[in-house]
Every structure is written in structure tokens, then in C-alpha cells.
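The values are calculated or read from the model by the stated rules, or taken from the named source; none is laboratory data. In this text the structure is predicted, and so the values were computed from the model without any measurement. All Cβ positions, glycine included, derive from the backbone under ideal geometry; neighbour counts span all protein chains shown. Please note that ligands, DNA and RNA were not included when accessible areas were found on the heavy atoms of the full protein model with its side chains. Shrake-Rupley method; radii C 1.70, N 1.55, O 1.52, S 1.80 Å.
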Amino acid sequence: MIRTNDHFHGLRAITKYHSKLLALVLSLLPMGSLWAAEQDIKNRGEYLAHLGDCVACHSAPNGRKFTGGLPFATPFGVLYSTNITSDKETGIGHYSYEDFYDAMHLGKSPKGNLYPAMPYTSYHLLTDEDTKALYEYFMNTTPIKQKNKPNDVSFPFNIRFGLKAWNAISHEDGQFQSQSNKSDAWNRGKYIVDALGHCGECHTPRTNTFAMNPQQYFQGAVIEGYEASNITPEELNRQNWTHDDLATLFRTGYSRKGTVFAGMYPVVYHSFSYLTEEDMRSVSTYLLDNDADITEKPLTFKGHDKQHPGYKLYMGYCAGCHGQDGEGKPNVSPAMMGNATLDRASPYNAIAVLLKGVPSQHYSIASGFYKMPGYEKTLTTEEIRTLTEYLRSTFTEQTKKVSVKDVQQVREGFDALPAH
Amino acid sequence: MSQNIKMTINDQPVGPVEVPDGLMMIDFLHEYLNLTGTKFGCGAGVCHACTVIVDKSNGVSEVVRTCISGVERFNGHAVRTVEGHAERNDKNEITALNPIQTAFLEHFSFQCGWCTSGFVNEAIALVERLEKKPIAVNDVEQVIEDALGDHVCRCTGYVKYYAAVKDVILKTEGLTHS
């Protein structure tokens, strides 16, 4: 009995204690769920910041994350990205949500209009919910005091008032519109690609007023010395990209169709490699305009034409790394067979890579490629022309002749870039 | 089979000789000419141990990695390997080393020696560039780093190689200005 009494006493005591605890927990629950919700929105904001690739532009080489200072060579001069940490003085910590919304959707900061190097022309498609999540994330980044570098932009483009006029004719805020005849995955992919992915900023040619030309959506454009690829579904399907190929390329930086390089490398490294499986499939569904799986075709190698003067150049300069039959070497150099850099209407990028090479690119501790040397000083213009033509005619179905003028055009493109 | 290959190696005419398609230059040096001073390291162009000097007919010299370069690349050109830098007498006996080789010995720059021929060629090419275009004394270390930075050494490290090259550049008249 004593034991029972004790037991009862104990039980009652525990119940009493627990009921108090329960009451406390219950009283804290709204706060707890609020905290969890805030965390959730910040985490989502961080994911969205990855998709927006904010860090790639808003961090300088060897600089701290989001402190800006990365130079952009534009036709108007050199622009420098800005500090977007939560520092209230030099960053954007003093922004209200309205300020942040205006920057993302209208290209307006509290200090004036932003240059459209900041892709508000794409970000404006963001939903309010996603804009808020991003705001929450950026207001809680580590504040770092670092003053912005002044832009080196020539007259009249240094007058920011002109940007207001540019916005009036070239930019309109608007919501993303789903297409009801397409799948949810396709629409989600389009939203990622067009809004935060801001793919069109490089891959869509620009009009005379430097706005993205909707008539040439994703048809490819030369930017900073290289050609951002034609990524229309027609071209990607012609090149036989599969969903897996695109996912591998976006996650690891390379695929059986070759590697990313130039401006696309940081996109993969800082942004697309963070895509969830589901979002990755959505992106490839939209880019390929196909929800279904795609059959992989063999990579092209038409055999060597030993009479072609490009054959000796290939064997002397390329085969050591890319393989005698263009099969490539794992973690050294990509395959030439069916390589998407060669397999395109224009020889521009093939020439650009031969001239300038590709820096060493590492994607993880277990994968990467060694740098490719540039041959602008080693090979003559005629040799570059011959080699480009040989690579394209041997490893792709492209039969268009490459001219000396094609090579000169790429050289001139590099020469015209402002030094920074 | 590839077409006949003809070149000059260490001032000696080589060829015409018929070689198989896709033969890498390092295999040509080893298997056809018994010039084994050029070492095969990574086989992927990373370590630079296999570097030789190519003197092109237009007067430009360049350093080339032989493990990733086909023999066709060297056809018709003059090539220098580690075997060709020392001075020799009529009996082909070595009478004096190149100053870079001497400096590497004096600085104990190498241990196993696998990377040494690559360092020797790269450093000699650098000295020859500076003869044509001298640099400021303050820039010497950076120029050495730029030239030798891709060469991998797994034994004694890089300091003694770099110190030796710096020594040669500073002590040789005409390579630097203040």
C-alpha cells in the first residue's frame, strides 16, 4: 500500500510537473512554430540565392562572400558588383523589404537606378513569396564592412538618370505566367530558368538598346569573348542532350557532351550544382521541352581523314590529351567525339578555346580537368582555322568550312574587351 | 604509319624516319633515339617533367611537354633536350655544364632527379628570354614563379630550385636592370 500510495503520490507529482511543463511548451508553441517558419524561409532564401547565383557576381576573386568588387567588362566600361551583405553601412542591411523588392524587380536601389548588369530584367519574374524568402536570407547574412568600388564607365553611360529612360523603354515588372498546356515540371523549370537562373541574360541576343531580344530567346550570343550557347530545345535536342546529360553537366560541370567553361563554370559551381533532383528534372524538362526520357545516341567520330592538313595538327597538339580517336581522358580532358562545343552552327567557341585554352576546373575532390593551354601564340591563324575545321568535320556532323575571317573575328572579340 | 618525321635534336639531324600514327614525342626520344634524360612523369601534361625546348624557324623558342605532344608537332623544328645543354669537346666529353645545371647542383636543388630535366629546360628557356628582354630586379621572383610554377617536384621542394634560378639570373650580366 505504501508503495501504492507512493506510487500514486509519485504519479500525481509527475502529472502535476508534466502538466506545468506541457502548459509551458504549449505556451511556447506559437513562438516555436514561428521560429521554425522563419528558419524555413531563410533556408529557402538561401536555396533561392544559390539558384540566383548571387555569390558568383557579388564576390571578387579571393574576396569574401557577397562583398562585391567583381569587375564586369561591358561595352560601356567596367562595372563592379556591390556589397550585398547585411552590413547596414556598406551593404544592404538598411534595405526595407520595399527597397529589396524594387532592386530585384525594378532595378532601383535607394541610391538610384542599378545598371542592368544586375539581372533585375530576369529576377522581376520572382513571386512575392520567393522575393520575401530572399529578403529574409539577405538580411541575416554575416555583415561585412567593405566599401563598393566606383564603376569605370564612360560618359554618357555614367549618368544613372539615363537608366531610368532605359527602364522606361526596355523593362517592365511582371509576374511569371504559367502555361496551362504544359506540365507542372515544365512550368517550374521555366520559372527557375527565366527568373532566378537568369539564363537569357547571356544566352539571348540583345537588341540595339541592349535589352534581351524576345524574338531570339535563347538562340545564343557572344559575351566576354565566348559564345553563350544556343540553348533552344531545337538545338539541344539536335545535339542529343538527354535529361541525364544536362543534370550531369549542371551538377558536375561536365558530361559526355563536354565541359562548361568561361562564364558558365561559375554558374555550375555556385548555382546549378545546388539544384534539388526535382528542380533539376524541371529545368531539363523545360530546356528540352520534353517530359519523357530521351534515348542516348552514340557520339560522333567519323574516322580520321589523314590527307587533311588538320590531321597532323590534331595528332601533334590534341591527341596526347583528347585521345587519338577523340575519346578523352577521365579527369584530364573531355572527349572530342560529339563534343557540344564543336557541334554547333558557329565555330566561334571552338576557335576561342583553341586560342585561349581553358583554365583548370575542379568540381569535387574526385573530379576535375587539367587546364588546356591556349595556342594563340603557338599556332598561326591558318593553323587554328584548319584545326577547327578538322575537329568539327571529324567529331561532329558540322560540315561548314571555317574561314580565316572566322578566326580573326574571335581574336578581335578578345582584343576589344576592356582591360581590368 | 605517319609520314616521315625529320627534325634537329641537340644540333644533330634526325630522320627522315617513319613512325606510327599518334606517337608521343617522349616515346620518340626514348625508343627511337635513346635520349632518356627527358622523363615520363604523369603522362597527362600536369607535372611538366617531360618539358623540352623547341626552337622554331621564326626565331621563337617555346617549352613543350613531350608526354602529351605528338611527334608531328616537332616535325621540321629544332629541339633541345637535357642532353644538349652542356658544352662538349671533340671526343663528345662534357667540359662544362650550363650555368643552370651548375646552379642546381650547387644548391642541392634535386634529390631523385625525376623532375630535373624539366626544370633545367624551363629555366634555360627563361634565361634566354631574359637575355632578349631583361627585367627589373624586383620582378625576378615573380618571373621565376610564373615560369616554373607548373613544374611539380615531390622530393626536395621548390625553394632550392627557385633559389638556384634566382642566383643565375642575378649573377648573369644583362638579364636584369634596376
- prompt: Based on the Cα gyration tensor of the range B:100-178, what are the three equivalent ellipsoid semi-axes, each the root of five times an eigenvalue, rounded to whole Å and given largest first?
  reply: 21, 12, 11
Label zone at residue B:152, where the point sits 7 Å out along the Cα-to-Cβ direction: the range B:25-40 residues whose backbone N lies under 14 Å: B:40
query: With Cβ to Cβ distances under 10 Å as the rule, what net charge do the other residues near residue A:355 carry (K, R +1; D, E -1)?
result: +2
message: Rounded to the nearest percent, how much of the accessible area of the protein assembly as shown (1.4 Å probe, protein heavy atoms only) is carbon and sulfur?
response: 55
message: Need the list of lysines near residue A:306 for cross-linking: C-alpha distance under 18 angstrom, and skip anything on the same chain fewer than eight residues off.
response: A:401
- line: The alpha-carbon pair-distance distribution computed for the protein assembly as shown, with 20 angstrom bins and whole-percent values, is 16, 41, 29, 10, 3, 0
message: Just to verify a number: FRET efficiency for residue B:31 and residue A:183, C-beta to C-beta distance, R0 = 45 Å, to 0.05?
response: 0.15
query: Hey, what's the protein assembly as shown come to in accessible area per residue, 1.4 Å probe, Å²?
result: 51
Pairwise centroid distance, computed over Cα atoms, of the range A:344-406 with the range B:90-105, Å: 41
- line: Under the rule rounded for a/c under 1.5, else prolate if a/b exceeds b/c, else oblate, using alpha carbon gyration tensor axes a ≥ b ≥ c, the range A:240-324 is classed as oblate
task: Tell me the label-point distance for the pair residue A:404, residue A:99, using the 7 Å Cα-to-Cβ offset, in nm and rounded to one decimal.
output: 5.8
- request: May I ask you to list the lysines whose Cα is less than 23 Å away from that of residue B:166, ignoring any residue fewer than eight positions away on the same chain?
  value: B:132, B:133
- line: Sorting B:176, A:242, A:295 on solvent-accessible surface, 1.4 Å probe, most exposed first, gives A:295, B:176, A:242
task: Mind telling me which of A:124, A:304, A:105 comes out most flexible in a GNM of chain A, alpha-carbon contacts under 10 Å?
output: A:304
- line: Restricting to aspartates and glutamates and to Cα separations under 15 Å from residue A:377, and discarding same-chain partners fewer than 8 apart, the set is A:412, A:415, B:55, B:62
- line: So, with points 7 Å from each Cα along the Cβ direction, the residue A:128-residue B:83 label distance in nm works out to 8.0
query: Please identify the trypsin sites (Lys or Arg not before Pro) of the range A:57-114 that satisfy two criteria: DSSP loop assignment and at most 11 other Cβ atoms within 10 Å. Which are they?
result: A:111
query: Put B:24, A:337 in order of accessible area, largest first, 1.4 Å probe: what do you get?
result: A:337, B:24
The range A:220-263: trypsin sites (Lys or Arg not before Pro) in DSSP coil with no more than 10 other Cβ atoms inside 10 Å: none
message: List the trypsin sites (Lys or Arg not before Pro) within the range A:335-420 that DSSP assigns to loop and that have no more than 12 neighbouring Cβ atoms inside 10 Å.
response: A:377, A:400, A:401
field: Relative contact order of the range A:353-420, defined on C-alpha pairs under 8 angstrom at six or more residues apart (%)
entry: 24
- prompt: Interface A/B, total buried accessible area with a 1.4 Å probe, nearest 100 Å²?
  reply: 1400
- prompt: Percent relative contact order of chain A, based on C-alpha pairs within less than 8 angstrom and at least six residues apart?
  reply: 13
message: Net charge around residue A:200, counting only other residues with Cβ within less than 13 Å of its Cβ (Lys, Arg = +1; Asp, Glu = -1)?
response: 0
